[in-house]
Amino acid sequence: MCIRDRFALAPGQRGRSALTVQLWWLVQGSLFRWSPQVAYGFRRWLLRRFGARVGKKVLIRPSATVTYPWKVDIGDYAWIGDDAVIYSLGPVHIGAHAVVSQRSYLCAADHDAAQPDFPLRERAVRIEDGAWVAADVFVGPGVTVGREAVVGARSSVFRSLPPAMVCHGNSCRPVRPLSLIHISEPTRPERISY
């Protein structure tokens with residue numbers, strides 16, 4: 001039986017002081033959220049001030065939510081869509097050229113319900129380079145979405161997904177290899193299969 005009144009965060013589990021956490025939430029709820037849509041550089045700057053590792057030309061929308069930026073690493077040219085949640089109680093890595101679409105939820109922690117004190121378990125989430133997490137996808141704790149994988153809209157991902165596969169469903173599973181079109185000449189597209 002879980003006795004919720006026994007729950008307590010382990011010392012240092014947030015990764016910063018309670019004051020820093022509250023200051024981030026205040027900044028995120030005001031300056032970050034109220035910034036104009038085109039102020040991508042400003043939002044990158046705010047995230048970096050709070051310890052996030054954010055690559056060049058990252059596009060993160062003002063309505064996105066990041067719980068603890070100091071536990072987040074976002075590669076060059078990645079996109080984070082409207083109302084996406086990066087629940088970074090544990091580490092979250094979003095690779096270069098990856099996309100986390102609108103209303104998606106990356107969850108990097110869970111609780112051990114078998115323990116009476118319901119302890120929080122940090123479990124890293126990784127979205128590898130070039131992967132696309134489509135609209136309204138839930139990515140669970142401990143999951144890696146492979147390089148250039150595509151996760152279909154409204155999927156629930158509870159297990160790691162292989163690279164270069166189109167995946168969807170609840171529970172999400174690979175359904176076919178990704179086939180990319182590579183333009184070798186301006187007029188002749190060439191298909192590349194992985």
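The values are calculated or read from the model by the stated rules, or taken from the named source; none is laboratory data. All figures in this text were calculated on a predicted structure; none of them were measured in a lab. Positions of Cβ are generated from backbone atoms using ideal geometry, with glycine treated the same way; all protein chains shown enter the neighbour counts. For accessibility, only protein heavy atoms count, side chains too; no ligands or nucleic acids. Shrake-Rupley method; radii C 1.70, N 1.55, O 1.52, S 1.80 Å.
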Test of understanding: in a Gaussian network model of the chain with alpha carbons linked when under 10 Å, which of Val72, Val139, Val38 would top the mean-square fluctuation ranking? Val38
Where does helix 18-27 land angle-wise versus the long Cα axis of the chain, in degrees 0 to 90, nearest 10? 50 degrees
Counting every C-alpha pair in the chain, the percent lying more than 20 Å apart is 57 percent
For the chain, with all protein chains present and a 1.4 Å probe, just round the carbon and sulfur fraction of the accessible area to a whole percent. 56 percent
So what are the radius of gyration and Dmax for the Cα set of the range 32-111, in Å? 11.2, 37
For the chain, modelled as a Gaussian network with Cα springs under 10 Å, which listed residue fluctuates most, Ser156, Ser179, Ser88? Ser179
For Lys56 and Arg33, FRET efficiency with R0 = 22 Å and r from the beta-carbon atoms, rounded to 0.05? 0.45
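Taking only protein heavy atoms into account and a 1.4 Å probe, give the accessible area per residue of the range 1-146 in Å². Before the final figure, lay out each step's value.
On the way: 6950 Å² over 146 residues.
Solvent-accessible surface per residue comes out at 48 Å².
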Of the residues Ala113, Ala131, Phe158, the Cα lying farthest along the dipole of the chain towards its positive end, which is defined by charges on the beta carbon of Lys, Arg, Asp and Glu, belongs to Ala131
For an R0 of 35 angstrom, estimate the FRET efficiency from the Cβ-Cβ distance between Gln13 and Trp45 and round to the nearest 0.05. 0.85
Take the Cα atoms of the range 39-83, find their three principal axes, and give me the spread along each one in whole Å, biggest first. 20, 20, 15
